[in-house]
Amino acid sequence: MNRDSKIYVAGHRGLVGSAIVRCLRQKGFDNILTRTHSELDLKDQRAVMAFFRDERPEYVFLAAAKVGGIYANNTYPADFIYDNLMIEANVIHSAFSYGVKRLLFLGSSCIYPKFAPQPMTEEMLLTGKLEPTNEPYAIAKIAGIKLCESYNRQHGTDFRSLMPTNLYGPGDNFHPTDSHVIPALIRRFHEAKVKNLNEVVVWGTGKARREFLYVDDLADACLFVMQLPLNTYRSVTEPMCSHINVGTGFDLSIKELASLIGEVTGFEGKIIFDPSKPDGTPRKLLDTSKIKKLGWEHKTDLKDGLRMTYEWYLTTLDSSS
């Protein structure tokens, strides 16, 4: 990509998309195309095709998606599979139809089987049953990988896929029920501190283990992979593995995470775990050897990232008061 290349970031208001825009601007890329949902509904095929026909972006970061935690995935499974299938199919096909030079699709570590060997390599895809609580979302993301792979095989396109681990950071969704684990816990611990509560209840046993990546590190990985020469990218994704994992290579238990968030937010009460609520997949740790082989590694320590995320969350409270 050149500094004046026309770059479309789909989902620029979301956690990942906003981080990609920040990263692009920091590195001197100014010709960035964005559209809000009201300006362009990515589920509308005609509208998406018209946008690509009129704007002719050269590079596309496909970060738009419907996302949520265990509760949201369990409650709205049809929305999660339909919305994500429509978004990725419309954007990827339009990118092909109007000659996009390169596209980067963002997936999720939930594409891997629930009981996949740990850490999970890219080759684990489609080798076992998915975690039931987010299966519709995972199937949609697998379809996105296969769309990119299939267009590459049939049409010679250069569509790439990154599979990030669990993400967090500025711009995250802190909704009481529809958020992922880190923003949900940050909100819960902060509110408990403000209300002088002496305990916080956390879903599950606390034994499940998760890996977390600061979203600005992911954005840096996105630009890194997008700018790799095609032969270099293919060197770690051929013959059929068209996606690359991105993460830290380290995990911790939800119990350890909760303790760390309590420390960052200043909550000094008890942390109680509710085993009647689901843990989800027992462990999700990505094998990141391929992206490390290419020369990329994360930069942000988890505690530092949690602190920056909490500071950003506090600014949202100040602006709404």
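Throughout, read-outs are computed from the coordinates displayed, never taken from laboratory work. Please read these numbers as outputs of a predicted model, since none were measured by experiment. Methodologically, a virtual Cβ is constructed for each residue, glycine included, from the backbone with ideal geometry; neighbour enumeration extends over all protein chains shown.
Things worth noting here:
- Packing-based order for 43-52, 111-120, using average beta carbon neighbours within 10 Å, highest first: 111-120, 43-52
- One chain, two ends: Leu294 and Lys129. Fully extended at 0.36 nm per residue, the span grows by 56.4 nm beyond their Cα-Cα distance.
- Distances between placed amide hydrogens fall under 5 Å for Asn166 paired with Glu211, Leu213, all partners being 5 or more residues away or on another chain.
- Protection proxy ranking of 242-252, 225-235, 211-221, by the mean of other Cβ atoms within 10 Å over each peptide's residues and highest first, is 211-221, 242-252, 225-235.
- Dipole magnitude (debye, nearest 20) for the chain, charges at Cβ of Lys, Arg, Asp, Glu: 380 debye
- Near Ser179, the amide H atoms lying under 5 Å from its own belong to Gly69; only residues 5 or more places off or on other chains count, and H is placed 1.01 Å from N.
- Under 5 Å, built H, 5+ apart or other chain: amide partners of Arg283: Arg209
- What the phi angles of the range 56-65 give under the Karplus curve with 6.51, -1.76 and 1.60, with θ = phi - 60°, is a coupling list of 6, x, 8, 10, 10, 9, 8, 9, 6, 6 Hz, glycine and proline written as x.
- For the chain, the share of alpha carbon pairs falling in successive 20 Å distance bins from zero is 32, 59, 9, 0 percent.
- Across the range 67-72, computed HN-Hα scalar couplings (Karplus, 6.51 cos²θ - 1.76 cosθ + 1.60, θ = phi - 60°) run 10, x, x, 4, 4, 5 Hz from first to last residue, x flagging Gly and Pro.
- HN-Hα J in Hz across the range 205-214 - Karplus 6.51, -1.76, 1.60, θ = phi - 60°, x for Gly and Pro: 7, x, 8, 4, 10, 9, 10, 10, 10, 5
- Among Gly206, Val181, His243 the positive-end extreme of the charge dipole of the range 170-246 (Cβ point charges): Gly206
- Scanning the chain for long hydrophobic helices, with DSSP H runs required to stretch 18 angstrom or more by C-alpha along their axis and to average at least -1.0 on the Kyte-Doolittle scale, returns 77-97, 135-155, 181-194, 302-320.
- In this label model, Ser97 and Ser259 are separated by 5.4 nm, measuring between points 7 Å along each Cα→Cβ vector.
- Pairs exceeding 22 Å between alpha-carbon atoms, taken from Lys207/Lys277; Lys114/Lys255; Lys114/Lys270; Lys255/Lys303: Lys114/Lys270.
- Net charge dipole, the range 51-149: roughly 80 debye, given to the nearest 20, about the Cα centre with Cβ charges of +1 for Lys and Arg and -1 for Asp and Glu.
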